[in-house]
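For reference, the structure is listed below as structure tokens.
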Amino acid sequence: MSAHPDDRRSSSENAPAQAGMRLQRFLAATGLGSRRKCEEFIVAGRVSVDSQVVRDLGTRVDPQSQEVRVDGELVHRDPLRYFLLNKPRSYLCTSSDPAGRPRAIDLVPAGKLRLFTVGRLDESSEGLVLVTNDGELAHRLAHPRFQVPRTYALQVAGRPTAETFAALKEGLYFQEGRFRVRWVRRVGTRGNSTFLEVGLTHGHNREIRRLFARLGHKVMRLRRVAFGPLALGRLAEGRFRPLTATELSALRELASNRRRGRREKMPKKSASGLEHEEHFAAGPQRRRQDRAEVAPRFRTERERGRFRRSTTRDGHRSERSGSLQGAKRRARHRPGISQKARSSNEQGSRGQRKRRHRNA
């Protein structure tokens, strides 16, 4: 016998809240890839929880009590590790390479830990790379919207001018969008080449090289020397070291502040000039009064449209435009206007005349 609907509702209401974390978040934290990549694993049926294949992206798991496998292999969260690596040229910032080329993570002996690089340096570039298995922190630091600053030391062919620097900061358009640097500084020269320092807050694929190539200066050498609060210092090429407690704390604080800064918004002004919160705390009647005080009254949609076209961006009326009635008065006294045109202006538009005739 089926249960009564009220019984089902009461049992569901009294059920405890779902515990654990989302499956894709757990998989990303184990170092399998980004959350989006892990969602693809789930939808493809490659993930099982307690020997049951799951395809629902809303699945939640408790890593302490449940067994999660990907392609039949047990996955679990390893102790979090953080390393600073001075990547040499010809090494790739990738987790796998079908061609078998050397990878940056191969320089950090981690045993069975699933490590990956935060952000990427192309094969021809060198310098500071953060290597970790903390997927959450890696996402906050590498994603463009968090705007984590990066500093690069460059050697470019030729002598860039002030106009070149201005163009780099203004930005140039490529297929992916506008590329630009946050700042650029000349450090020195050697022969017909120039040493520069360049700052970015996010990086597209080979962004610096493509920017300078577009402006006629080939990048001869590119080295990342700082990433957020981390500095390369005197770490030898191909060497790595674990982050200090101070560096790790500063890195987490940066990621946290960047996330809060993205959500914060400037206070909005209401129609009456009140602050956003004060305006909406006043209640609906006060809001209607506020709008009535500043909103002009229009008798027809034509007047409303004329007002919108003659209004400047800051909300004030343009000095060159007048009201609809003023335009009609000027038309009546304008020399050379025909009587038919005068009567047409006085009687309104053709559509208005037709509507009056139809309703008469």
Segment 20-75 - charge dipole about Cα centre, Lys and Arg +1 at Cβ, Asp and Glu -1, debye rounded to 20: 260 debye
Using modelled amide H (1.01 Å from N, peptide plane; none on Pro or chain starts), what sits under 5 Å from the amide H of residue 202, excluding residues fewer than 5 places away? none
Take each of the peptides 219-225, 45-51, average the number of other beta-carbon atoms within 10 Å over its residues, and list them starting from the highest. 219-225, 45-51
Ordering 172-179, 138-145 by per-residue average of other C-beta atoms within 10 angstrom, highest first, gives 138-145, 172-179
Counting every C-alpha pair in segment 24-140, the percent lying more than 21 Å apart is 42 percent
Order of 350-359, 202-211 by packing, highest average Cβ count within 10 Å first? 202-211, 350-359
Computed over segment 67-222, the convex hull of the Cα set has an average projected area, in nm², of 11.2 nm²
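So what is the diffusion coefficient of segment 20-75 in µm² per second by Stokes-Einstein at 25 °C and 0.890 mPa s, using a Kirkwood Rh over Cα pairs? Don't jump to the answer; show the numbers that get you there.
Details: Rh = 10.7 Å.
Reported coefficient: 229 µm²/s.
Computed from the coordinates by the stated procedures, all read-outs in this text should not be read as laboratory data. Quick caveat: nothing in here was measured; it's all calculated off a predicted structure. Methodologically, a virtual Cβ is constructed for each residue, glycine included, from the backbone with ideal geometry; neighbour enumeration extends over all protein chains shown.
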